[in-house]
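The block underneath contains the structure these notes are about, expressed in structure tokens.
The values are calculated or read from the model by the stated rules, or taken from the named source; none is laboratory data. Just so it is clear, the structure is predicted and the values come from calculations on it, not from any experiment. Cβ placement follows ideal geometry from the backbone for every residue including glycine, while neighbour counts extend to all protein chains displayed.
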Amino acid sequence: MKHDKKKNQIRKTIWKMPFLVDELFKDEDWNKYETTDLEEKVPSEEMKLLVQTAIDNHEECRDRKLRLKYKTIRYLSYTAAAAILFFFSFHFITWWTKDKLLPSSSKVAVVAKPKALKDTSWTLIENKNRQSVLLDLPDGSHVRLFGQSYIRYVKDFTENVRDIELVGRAYFDIASDPKRPFSVIAAGTKTTALGTSFTINTRLKHKTVTVTLHTGKVLVSSLTNRFKQVFLDGPGQKLRVDKLGLTQVDRPGKDVIAKTSDLASADLLNLKNTPMPAVLQALETAFKKQIHLGDNNIAAIHYTGEIDVSKDNLRDILTTICLINELRFVANEDGSYTLYKQENTITEHINN
């Protein structure tokens, strides 16, 4: 028993320190040893190589485990650090923005006033309502901003220009200022005027932009040189610009549809100096709504412009007609509308 235990100790010692074999048994001693009495040959170098290989494999396996353990610990450390950073960032952002979130608006009977979001240099006005709203600009111009649209401009404009950016649809009534041209930038186009009224729409299919002139003159150009400058100088003229930069100008001809019967059957009304009663009768037929005159003097007004009854809704059409002719309309309980003379300009001052 003691002999076996001693042999095991010797074996472990040689396993840990293989160089002892060389020190204890020189090659000369191995050569002198008579191997004829042994049943098998005991190759010293071969045995030594096997022992050394086993030791190397054991150490390499141990190193791999240590490297794997180190990588795992490092990965877990990075993951924990990222989780902590995300947690604190999320709560910081939530805390920072909680006071800036707008409360949900309650149900009201009137159109909610759009919010004017300002910083030190820009004013942003967005109309999220379905109905249009009338706005005052710092220079005295007026804008009818239709639903799902917004405008942005430098606060109080600048000394030399009055530039305003538009996404959506808006009607502009420009205050005259020869020293400061008024320009509307919309979907790659720039419409410039000094004192006039026009409507721009970027909410059409296939990324088409339209500029409709109501009064005065405007110059429409491309911000990216997709098309040449287009000059509109007559009421009712409309410019169409598609996504490829191709332009088309619709100009009301001299032989404009003027009879009431013809107006009632048309989807696209090209009007030039058409009496207001005839225009309203055509709208009544198209939309199946009655439109009354609250002032007999309105019957003497003549309207020039283009109305697409197949695309525009009645409220927007009446809004445009009233803005151009200084009128206002009231929606009655029975679904009809009544037009009145505009005694006092109704505007919403949101830039105070």
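Structural remarks
- Filter pass, residue 202 being closer than 21 Å to residue 243 by Cα and buried (at least 22 other Cβ atoms within 10 Å of the Cβ): no
- Here residue 292 passes the criteria (1) under 19 Å from residue 234 (Cβ atoms); (2) surrounded by fewer than 16 Cβ atoms within 10 Å (Cβ to Cβ); (3) touching a Ser or Thr at 6+ places or on another chain (Cβ under 9 Å) except the one numbered (1).
- Where residue 127 falls short, out of the listed (1) modelled with pLDDT of 90 or more; (2) out of contact with any Pro (no Cβ under 9 Å at 6 or more places or on another chain): (2)
- Residue in segment 89-99 that is at pLDDT below 90, within 19 Å of residue 316 (Cα to Cα) and surrounded by fewer than 12 Cβ atoms within 10 Å (Cβ to Cβ) present: no
- Residue within segment 291-298 that is charged (D, E, K, R) and modelled with pLDDT under 85 present: no
- Selection count, segment 194-220, where residues are assigned to a loop (DSSP other than H, G, I, E, B) and out of contact with any Pro (no Cβ under 7 Å at 6 or more places or on another chain): 8
- Flag if residue 338 is at negative phi, among the hydroxyl-bearing types (Ser, Thr, Tyr) and not in a strand (DSSP E or B): no
- Output for segment 282-335, where each listed residue is on the phi > 0 side of the Ramachandran plot and acidic (Asp, Glu): 326
- In segment 313-345, the residue that is nearest to residue 283 (Cα to Cα) out of those that are of a type in the set (Asp, Glu) and surrounded by fewer than 14 Cβ atoms within 10 Å (Cβ to Cβ) is 334.
- Within segment 323-334, residues that are among the β-branched types (Val, Ile, Thr) sit with their Cβ atoms under 6 Å from residues that are surrounded by 13 or more Cβ atoms within 10 Å (Cβ to Cβ), at 6+ positions apart or across chains, in these pairs: 324/214; 330/338.
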